[in-house]
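No value in this document is a laboratory result; all are computed from the given coordinates. The shown structure was predicted, so the numbers you read here are calculated from the model rather than taken from an experiment. We place every Cβ from the backbone using ideal geometry, glycine too, and count neighbours over all the protein chains shown.
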Amino acid sequence: MNLLFLGPPGSGKGTQAKVVCEDLGILHLSTGDLLRDSVRQGTELGGKARKYMEAGELVPDELIVGMIEEKMTGGELDNGYILDGFPRTVPQAEALKAMLTKNNSRLDMAVLIDVPDEEVVARLSKRAEIEGRADDADESIVRNRLDVYKKQTQPIIDFYRKESILEAVPGTGTIDEITARILSVIKE
């Protein structure tokens, strides 16, 4: 099963992806991890990405899609995966779809972990305390990130809704409750 997890910052995408991947026996493909791994392994695409990362710039979409394609053609994604953190824009979603089509693959489902803004603010404030993350400590910064997320991600939600693969799951409650909802939707 090939899945994509969507949701605002602090929705638990990464946490849920790890748990669900373990349950389903599939690979968790976090874009950040993918970039760091490619750079560490010294792949050609990793070398190109390093230049952008060291300059503090966003890594171009085609490099990220290329890294996902490397994993796919290398057989690492044969048993399925969850994409976490990519795509974030419609052009990224379109590039991903084109690459998957080229490789005779597809996304089976895009799971939206839906969390109300106030819950996100509370979660990120707690994460700031626990992990010492300054970017999560300032409520105005968190609210700005939510605004950016909504502007960028709403079109992606609509994109996957039109593809008829979007499933929204309430992202409130305990980690186990949310996991149970996600697994229920996936296994239906």
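Quick look at the numbers
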read-out	value
Amide H within-cut-off set for Ile82, under 5 Å, with H built and near neighbours excluded	Leu3, Leu27, His28, Leu29
Potential extension, Glu118-Glu177 segment - 0.36 nm per residue separation minus Cα distance	19.3 nm
Contour minus Cα-Cα distance for Arg143 and Thr15 (0.36 nm per residue)	44.0 nm
Length-normalised contact order of the chain in % [C-alpha pairs under 8 Å, at least 6 apart]	31
Model label zone, Thr101; criterion: amide N under 17 Å from point 7 Å along Cα-to-beta-carbon; scope region 132-175	159-165
Paramagnetic reach from Asp78 in region 13-41 [backbone N under 17 Å; point 7 Å along Cα→Cβ]	25-28
Peptides 77-87, 109-119, 178-188, 50-60 ordered by average Cβ neighbours within 10 Å, highest first	77-87, 109-119, 178-188, 50-60
